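Structure first, then comments.
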Amino acid sequence: MKKILGSSRAAIATTLFCLLLLWFHTMSLSMSSISRINNIIAATSSPTDTFNNNQETRVQIRTVASQQNRQLLPHGVLPMSYQFSCNRTYLRYDLCTIDGLTVLDPTTSTFFTMDPTSPVHVEKIRPYPRKYEDYIMGQIKELNLVSGPSSPQCTIRHESPAIVFSAGGYTGNLFHAFNDGLIPLFITASSFYPDGDFIIVVSEFHDWWQSKYAEILKVLSKHPIVALEKDNATHCFPSATLGLIAHGFMTIDPTLIPTSKTLMHFRDLLEKAYTQNPILPSPPLDPKPERRPRLVLTCRGNDVSSRRILNQDEVIQVMKEIGFDVIVFQPNRYTSLSEAYAMLNSSHVMVGVHGAALTHALFLRPRSVFMQVVPIGTEWAADAFYGRIAKGLNVNYLEYKIRVEESSLMEKYGKDNVLLKDPSAVQKKGWPTEIMDIYLKQQNVKLDLVRFRKSLKSAYLMAKKFMHKER
């Protein structure tokens with residue numbers, strides 16, 4: 001009996017010793033794998049490697065596990081065996097998807113996914129949809145994706161997937177905040193997570209950005225934002241999408257979204273965001289039953305030296321003579337979007353010179369009126385940036401294209417200079433900074449009051465027709 005007990009104890013001791021050796025071996029392998037992954041990330045880090053890839057590399061497609069994500073692959077391209085995909089075939093953006101458990105280590109800006117059957121594989125992405133613009137993309141923080149046999153342990157486990165993007169770049173500009181950020185985020189969410197159940201993960205996060213766009217962000221996602229630069233905890237998501245889908249300047253193409261969303265749907269989202277705790281619009285300025293249409297004149301701030309209306313007081317007087325109640329709106333970076341929405345959503349006409357402040361046209365109601373004053377040399381940008389807002393929101397759109405005599409550039413360059421006589425010829429080879437600066441940073445306008453009055457009368461008739469339908 002003692003012999004049997006002795007043998008049993010020896011067997012148990014031997015088993016425990018083997019298990020201990022196995023545990024040490026496993027930990028050694030895990031630490032070795034993570035160390036090897038970190039070495040690979042470090043070895044492949046380069047601030048310029050995104051732009052040095054040749055065409056063959058740019059069109060390389062990695063795996064997609066889910067059928068939904070497979071539909072994003074170009075026809076005829078076979079996925080490889082990694083646990084994530086990076087589609088680099090688009091002009092405006094790169095898009096990476098992880099279809100499976102995703103572990104985020106914010107301290108290294110790295111997204112891990114485990115694949116015990118494959119060697120360590122690393123991809124990188126700058127999740128900002130201006131890929132064609134090397135200068136600004138060089139300033140966007142690069143994020144890492146790693147597929148390998150091991151990953152860090154979860155500290156915080158989420159039940160919803162993540163959409164990851166950068167709030168850097170030109171985000172301080174209102175136009176770019178919507179064009180390069182909020183609208184692409186809406187498109188991406190509508191494409192991947194139409195139920196709205198996803199978590200916003202932001203690189204290059206700024207407190208002012210979250211504060212300014214808080215109402216919109218809360219409607220887009222009910223979950224708290226994860227900010228890479230403000231977090232040390234390891235987060236786990238069931239899947240992740242890195243990068244934002246963009247269809248073009250201020251554009252949502254319903255044929256490219258499974259749910260067929262349009263810019264009008266984005267306008268509905270803005271309405272939901274800014275009417276949950278509505279700021280009541282001011283009562284009509286004229287108490288008579290026959291109200292005067294309300295016109296918002298969007299002006300450049302005092303700290304801006306270009307694209308100003310030099311005879312603004314006279315212009316306002318003409319507006320009043322035609323029959324408008326005029327509100328002068330001079331937004332700045334601290335302007336409340338809730339207040340701006342309430343004002344424009346209760347107005348009938350918006351007028352302004354081409355510039356980022358015209359992004360507020362997103363707040364106009366369908367069938368209201370939007371008139372853009374177009375300085376010399378900005379014709380294509382005027383249509384591409386803000387004309388598309390009007391078309392997408394079913395807003396009556398007017399362009400007042402100034403003549404050479406109405407531009408301050410005439411005094412500097414002379415009315416016969418090609419810059420003024422034929423700006424399209426100057427821009428045939430593109431819009432280099434030195435040319436762009438002339439039209440955007442050196443030019444003011446002095447409107448021909450007789451000619452401008454005719455355009456205002458057209459706007460007035462449209463506004464009255466809109467008001468009649470309001471009743």
Amide H partners (placed H, <5 Å) of F84, local residues excluded: T63
Value of relative contact order over segment 84-276, rounded to a whole percent, pairs C-alpha under 8 Å and six or more apart: 28
Under Karplus coefficients 6.51, -1.76 and 1.60, residue-wise ³J(HN,Hα) of segment 400-415 in Hz, glycine/proline x: 10, 8, 5, 8, 3, 5, 9, 9, 5, 5, 4, 5, 7, 10, x, 5
For segment 180-192, Karplus couplings with θ = phi - 60° (6.51, -1.76, 1.60), whole Hz, Gly/Pro x: 9, x, 5, 5, x, 5, 4, 4, 5, 5, 5, 7, 9
Approximate spin-label separation S118-Y135, in nm, with each point projected 7 Å along Cα-to-Cβ: 3.8
Where chymotrypsin sites (Phe, Trp or Tyr not before Pro) fall in DSSP loop in segment 132-165, at most 14 other Cβ within 10 Å: Y132
Amide H contacts of L398 (H built 1.01 Å from N, under 5 Å, at least 5 apart or other chain): F370, M371, Q372
DSSP bridge orientation in segment 84-276 - percent antiparallel, rounded to nearest 5: 50
Spatial separation of Cα centroids for segment 113-167 and segment 250-270, in angstrom: 26
Reachable aspartates and glutamates, given that their alpha-carbon falls under 18 Å from the alpha-carbon of K469 and they are not under 8 places away in the same chain: E290
5 angstrom amide H check on T102, placed H, neighbours 5+ away: F237, S239
Exposure rank, largest accessible area first [R453, R157, R367, R307; 1.4 Å]: R157, R367, R453, R307
Flagged links, alpha-carbon separation over 20 Å, of K412/K446; K401/K457; K131/K261; K212/K272: K131/K261
Distance between modelled label sites at A425 and T275, nm, 7 Å Cα→Cβ extension: 5.1
Rounded to whole Hz, the Karplus (6.51, -1.76, 1.60) HN-Hα couplings of segment 128-135, x for glycine and proline: 9, x, 9, 4, 6, 10, 4, 4
Value of relative contact order over segment 93-139, rounded to a whole percent, pairs C-alpha under 8 Å and six or more apart: 40
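The values are calculated or read from the model by the stated rules, or taken from the named source; none is laboratory data. Note that the structure is predicted; figures quoted are calculated from it, not measured. Cβ coordinates were reconstructed from backbone atoms using ideal geometry, including for glycine residues, and neighbour counts include every protein chain displayed. For the accessible areas, the whole protein counts, side chains as well, though only heavy atoms, and no ligand, DNA or RNA atoms are used. Shrake-Rupley method; radii C 1.70, N 1.55, O 1.52, S 1.80 Å.
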